[in-house]
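Trainee: Could you have a look at this structure, given as structure tokens, before my questions?
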Amino acid sequence: MITGKNYVGNQLSAKGNKIFTTFNPVLNTKNSWTHTEASKEEINEAVTLASKAYEEFKNISGKDKAAFLNLIADELLALDNHLIKTYCLETGLPEGRAQGERSRTVFQLRSFAELVAEGSWVEATIDTPIPDRTPASKPDLRKMNIPIGPVVVFGASNFPLAYSTAGGDTAAALAAGCPVIVKSHPMHAGTSELVASAMVKAIKKLGMPNGVFSHLNSSGIAVGQQLVKHPKVKAVGFTGSIRGGRALLDLAAQRNEPIPVFAEMGSVNPVVILPEALQSRNAELAKTYANSITLGTGQFCTNPGLIFGLKSKALDQFIEHLGREIQAKESTVMLHPNILEAYEASKSKALSQPKTTVVTHTKDKMPANYAQQAILTVQGADFLENHSLHQEVFGPFSLIVQCESLRELESIIANLEGQLTGTLIANSTEINQYQTLISALQNRVGRLIYNGVPTGVEVCPSMVHGGPYPASTDSRFTAVGIHSIKRWVRPFSYQDWPNQRLPDELKNENPLGISRLINGEQSTRKI
Ligand code: NAP
């Protein structure tokens with residue numbers, strides 16, 4: 001049942017006086033349930049509880065954390081159709097997508113459970129002492145990753161399950177041993193509360209410390225800001241726009257104790273089509289890219305927003321084909337009127353830029369909240385000069401940039417902002433001639449894709465979902481896959497610490513049987 005209340009620790013609470021509702025974009029009407037925004041007092045209570053819970057939770061064994069994560073996954077599945085239906089009512093997304101995202105969320109939770117149950121992820125590193133070393137003796141030093149403290153997670157608008165309440169950031173932080181306070185996304189507050197209820201059930205069943213998880217409603221930015229400023233919060237996970245992520249990064253930097261903000265933000269995901277590939281796969285590429293651009297009404301951070309080619313007859317044909325394919329696509333609904341409004345505003349800005357040409361812009365009469373897809377084109381030199389054309393248009397939109405020469409293309413790529421992905425479409429015969437271009441692209445992105453599309457982010461350990469700023473605020477980390485746990489830990493050393501007082505991960509006997517780096521050698525041996 002959706003109560004509309006916050007979870008302050010395990011307790012339902014609604015002390016605030018700001019009430020809001022979610023919206024059904026398909027029916028163009030408000031949903032029937034209401035939510036109460038968290039008050040300042042509730043925010044403070046949630047963080048205080050999280051800080052207390054940290055003292056216990058940080059020492060909980062990997063096996064117990066694994067049981068907790070697996071039970072969250074089970075409880076999530078037990079919500080069954082109620083969750084799926086609410087998700088659809090709050091997003092306009094189809095049931096298949098909701099089910100797929102739930103499976104992904106469950107998979108993520110179970111992947112982290114497996115990781116922490118095994119235990120080697122803490123990167124235990126041991127250097128045994130050399131008492132008779134001259135001129136000075138060497139101490140016994142033992143290092144491992146420990147949880148950083150209470151973490152605030154901002155859910156993503158476009159992934160109500162996989163990057164929200166019990167999504168990747170939350171699963172990774174709990175796996176690391178950090179309590180989590182979720183600031184629910186106002187557009188899917190009901191879905192978020194249902195997931196929170198499943199998490200609280202798991203907490204109660206396993207006797208996890210009260211405050212290891214809280215769930216706070218918000219109708220605007222104030223709740224998130226107060227959370228980021230709270231002195232007991234030690235890190236932030238954010239998925240959303242560059243504007244939002246940057247605001248939170250600045251806020252965190254202004255604190256007396258600055259804290260890390262791991263923000264995954266917008267991206268235009270450049271795609272470069274090399275001449276031979278363009279020549280041999282012209283129509284096929286247009287079809288593939290029309291599908292990728294319009295997938296999920298273009299509401300993916302990996303949407304291909306920029307397509308580059310060298311000026312030629314083949315590029316003209318590709319532009320024509322892509323225009324036709326996009327025109328033939330049925331328009332689809334966006335997540336929320338606000339997202340549609342943002343799409344229309346950023347699209348209009350792009351359309352109003354001098355020297356751009358409209359390839360296609362569907363203008364059929366359509367139901368409320370549906371997006372009109374658009375493709376524009378521009379010359380390379382004009383693109384290079386006009387920075388506003390480099391910005392993300394979050395929706396079914398792409399800009400084709402026609403370059404005069406390889407040199408111009410290389411210079412454009414080198415001048416792009418940081419991106420989540422870069423894609424190279426090439427024939428195997430031509431790739432060797434473009435090493436400088438590929439190297440320039442690598443400098444700007446977190447993931448290079450060969451002959452594919454950027455949409456679709458596989459959840460696995462080798463995935464990097466991140467990239468140079470502004471794709472993310474810290475390009476050294478990924479937000480997807482088990483290695484995302486590293487955002488929520490800090491390395492910590494014990495010097496000459498008594499063996500029995502060390503955590504199991506660092507004890508001589510290696511009771512957990514984990515892999516450790518002992519005097520430079522990776523092994524599971526005892527000392
Ligand atoms: P958004 O406007 O940035 O909102 C995201 C969340 O941040 C919301 O809960 C919002 O709160 C909060 N927020 C925004 N500005 C804030 C501020 N100044 N201070 C405190 N909180 C603030 O993003 P969105 O429109 O929901 O999502 C679309 C964007 O997300 C796109 O740019 C897309 O590319 C990006 N995205 C990135 C990834 C990735 O992994 N890189 C994944 C998905 C989406 P309120 O709603 O309460 O205002």
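Since every read-out is calculated from the coordinates, none of them should be taken as a lab result. Worth saying up front: this structure is predicted, and the values here are computed from it rather than measured. Neighbour counts run over all protein chains shown; Cβ positions are idealised from the backbone, glycine included.
Trainee: Once amide H atoms are placed 1.01 Å from N in the peptide plane, what residues at a sequence separation of 5 or more from residue 400, or on another chain, have their amide H within under 5 Å of its amide H?
Mentor: 307, 376, 377, 378
Trainee: Now, a different point. Return the distance in nm (one decimal) between the two label points of a simple spin-label model at residue 256 and residue 351, each offset 7 Å from Cα along Cα→Cβ.
Mentor: 5.2
Trainee: Same structure again: Where does each of 469, 343 land when they are ranked from fewest to most other beta-carbon atoms within 10 angstrom? Write down the numbers at each step before the final one.
Mentor: On the way: 469 16, 343 23.
With the sparsest Cβ surroundings first, the list reads 469, 343.
Trainee: Let me ask something else about it. Quick one: grab the alpha carbon gyration tensor of the range 1-98, order the square roots of its eigenvalues as a ≥ b ≥ c, and give me rounded if a/c is under 1.5, else prolate or oblate depending on whether a/b is larger than b/c.
Mentor: Numbers: a/c = 3.29, a/b = 1.32, b/c = 2.50.
Oblate is the answer for the range 1-98, as a/c is 1.5 or above yet b/c matches or exceeds a/b.
Trainee: Hey, another quick one. Give, rounded to the nearest 20 debye, the magnitude of the charge dipole that the chain has about its Cα centre when Lys and Arg contribute +1 at Cβ and Asp and Glu contribute -1 at Cβ. Working shown, then result.
Mentor: Details: 51 positive and 48 negative charges, 176 e Å.
Dipole of the chain, to the nearest 20 debye: 840 debye.
Trainee: Projecting each Cα onto the charge dipole of the chain (Lys/Arg +1, Asp/Glu -1 at the beta carbon, about the Cα centre), which of 160, 210, 317 comes out farthest on the positive side?
Mentor: Checking the options against the dipole of the chain, the answer is 210.
Trainee: Any of 232/486; 183/365; 138/507; 30/229; 143/201; 5/486 with alpha carbons more than 28 Å apart? Name them for me. Working shown, then result.
Mentor: Details: 232/486 20 Å; 183/365 37 Å; 138/507 19 Å; 30/229 32 Å; 143/201 35 Å; 5/486 32 Å.
Correct reply: 183/365; 30/229; 143/201; 5/486.
Trainee: Further, regarding this structure: Please determine, in degrees from 0 to 90 and to the nearest 10, the orientation of helix 242-254 with respect to the longest principal axis defined by the Cα atoms of the chain, where the helix direction is its Cα long axis.
Mentor: 30
Trainee: Continuing with this model, one more query. Counting other C-beta atoms within 10 Å, which of 106, 180 has the fewest, and how do the rest follow? Walk me through the intermediate numbers first.
Mentor: Working: 106 20, 180 26.
Least crowded to most crowded, the residues run 106, 180.
Trainee: Okay, moving on. If you line up the long axis of helix 337-351 against the longest principal axis of the chain, both from Cα atoms, how many degrees apart are they, to the nearest 10?
Mentor: Approximately 50 degrees, to the nearest 10.
Trainee: Now, a different point. Please rank 242, 203, fewest neighbouring Cβ atoms within 10 Å first, as an exposure proxy. Mind dumping the intermediate values first?
Mentor: Values: 242 18, 203 23.
Placing the least packed residue first, the sequence is 242, 203.
Trainee: Follow-up. Roughly speaking, what is the centre-to-centre gap between the range 441-462 and the range 2-72 when only Cα atoms are used, to the nearest Å?
Mentor: That distance is 33 Å.
Trainee: Something else now. Only bridges whose two residues both fall in the chain count here: according to DSSP, what percent of them are antiparallel, nearest 5? Present the calculation step by step, with values, prior to reporting the outcome.
Mentor: Working: 30 of 71 bridges.
Of all bridge pairs located within the chain, approximately 40 percent are antiparallel.
Trainee: Now a separate question. Of all the Cα-Cα pairs you can form in the chain, what percent are over 31 Å apart?
Mentor: Details: 68782 of 138601 pairs.
It works out to 50 percent of all Cα pairs.
Trainee: Relative to the longest principal Cα axis of the chain, at what angle does helix 313-328 sit, 0 to 90 degrees, rounded to 10?
Mentor: That helix lies at roughly 80 degrees to the long axis.
Trainee: Sort 403-410, 120-127, 251-258, 163-170 for me by packing, meaning the mean count of neighbouring Cβ atoms within 10 Å per residue, highest on top. Intermediate results must be reported in sequence, preceding the final value.
Mentor: Working: 403-410: 16.8, 120-127: 19.9, 251-258: 12.5, 163-170: 29.6.
Top of the packing list down: 163-170, 120-127, 403-410, 251-258.
Trainee: State the antiparallel share, in %, of DSSP beta bridges confined to the range 270-450, rounding to the nearest 5. All intermediate terms of the calculation are to be shown ahead of the outcome.
Mentor: Working: 6 of 29 bridges.
In the range 270-450, approximately 20 percent of DSSP beta bridges are antiparallel ones.
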